[in-house]
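> Okay, here's the structure, questions in a sec.
The values are calculated or read from the model by the stated rules, or taken from the named source; none is laboratory data. Model, not experiment: these values are computed from the prediction. Counting neighbours? That spans all protein chains shown, and the Cβs are built from the backbone with ideal geometry, glycine included.
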């Protein structure tokens, strides 16, 4: 089985050459819908299934769900920093280490889904009120040594949401066996 295909079941995120308001609105809708899609997907997952890996040496379904809450909380903070500061340098974090903390290993993902539900509602509200000038604002990611605009960041998190939903579907499809 191709590890790259398992790692990126919907392919890697690529920034379109032109990001128009229609594209922004589609991405925001994807972000807003993510908690509902995750909740629906998780509604019938057993404890055993929560421990399925989506690829060899990859995270389990429960780690993926908890990671999304961690990642998306950081995304909202980065958004607010970018809206209130001039080209802030954001703080990266060790996702792999966070995925090993007790809350990321918890087999009850209901609180995580609640966090995502509230967070994405708030996030969507902020995103729907961004101006054209706001979308051009940038932050600096020291891990990548690059600047990222809010417009492309919205796309990245819409992709991130769907990327991890695909991981969960993949883990369930293969029953964690590769």
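> Can you name every residue in segment 6-28 that is within 21 Å of residue 173 (Cα to Cα) and part of a loop (DSSP other than H, G, I, E, B)?
Taking segment 6-28 first, the residues within 21 Å of residue 173 (Cα to Cα) are 6-12.
8, 9, 10, 11, 12 - these are the residues of segment 6-28 that are within 21 Å of residue 173 (Cα to Cα) and part of a loop (DSSP other than H, G, I, E, B).
> Also: Out of 151, 158, 65, 69, which single residue is over 29 Å from residue 42 (Cβ atoms), in contact with a helix residue (DSSP H, G or I) (Cβ under 9 Å, 6 or more places away or on another chain), surrounded by 20 or more Cβ atoms within 10 Å (Cβ to Cβ) and at pLDDT 95 or above?
On the way: 158 fails: over 29 Å from residue 42 (Cβ atoms); 65 fails: over 29 Å from residue 42 (Cβ atoms); 69 fails: over 29 Å from residue 42 (Cβ atoms).
After applying the criteria, what remains is 151.
> Of everything in segment 140-151, what is touching a strand residue (DSSP E or B) at 6+ places or on another chain (Cβ under 9 Å) and either in a helix (DSSP H, G or I) or under 25 Å from residue 33 (Cα atoms) (or both)? Give them in sequence order. Steps first, answer last, please.
Just the residues of segment 140-151 that are touching a strand residue (DSSP E or B) at 6+ places or on another chain (Cβ under 9 Å), to begin with: 140-142, 146-150.
Selection gives 148, 149, 150.
> Within segment 72-97, how many residues turn out to be touching a residue at least 60 places away in the same chain (Cβ under 8 Å) and loosely packed, with under 14 Cβ neighbours inside 10 Å?
1
> Separate question: Residue under question is residue 91, and the condition is that it be closer than 22 Å to residue 5 by Cβ and more than 14 Å from the chain's Cα centre (by Cα); does it hold? Can you show your working first?
On the way: closer than 22 Å to residue 5 by Cβ: no; more than 14 Å from the chain's Cα centre (by Cα): yes.
Spelling it out, it is not the case that residue 91 is closer than 22 Å to residue 5 by Cβ and more than 14 Å from the chain's Cα centre (by Cα).
> Please indicate, with yes or no, whether at least one residue in segment 29-47 is touching a strand residue (DSSP E or B) at 6+ places or on another chain (Cβ under 9 Å), surrounded by 16 or more Cβ atoms within 10 Å (Cβ to Cβ) and part of a loop (DSSP other than H, G, I, E, B). Spell out the reasoning first.
Step one: of segment 29-47, the residues touching a strand residue (DSSP E or B) at 6+ places or on another chain (Cβ under 9 Å) are none.
Taking every residue of segment 29-47 in turn, none turns out to be touching a strand residue (DSSP E or B) at 6+ places or on another chain (Cβ under 9 Å), surrounded by 16 or more Cβ atoms within 10 Å (Cβ to Cβ) and part of a loop (DSSP other than H, G, I, E, B).
> Exactly one of (1) farther than 23 Å from residue 26 by Cβ; (2) surrounded by fewer than 16 Cβ atoms within 10 Å (Cβ to Cβ); (3) in contact with a helix residue (DSSP H, G or I) (Cβ under 9 Å, 6 or more places away or on another chain); (4) touching a residue at least 12 places away in the same chain (Cβ under 8 Å) is unmet by residue 101. Its number?
With (1) farther than 23 Å from residue 26 by Cβ; (2) surrounded by fewer than 16 Cβ atoms within 10 Å (Cβ to Cβ); (3) in contact with a helix residue (DSSP H, G or I) (Cβ under 9 Å, 6 or more places away or on another chain); (4) touching a residue at least 12 places away in the same chain (Cβ under 8 Å) applied to residue 101, the lone miss is (4).
> What is the one condition in (1) touching a strand residue (DSSP E or B) at 6+ places or on another chain (Cβ under 7 Å); (2) crowded, with 20+ Cβ neighbours inside 10 Å; (3) within 25 Å of residue 153 (Cα to Cα) that residue 53 does not satisfy?
(3)
> Does at least one position in segment 134-144 carry a residue that is loosely packed, with under 11 Cβ neighbours inside 10 Å, without any contact (Cβ under 8 Å) to a residue 12 or more places away in the chain and more than 19 Å from the chain's Cα centre (by Cα)?
no
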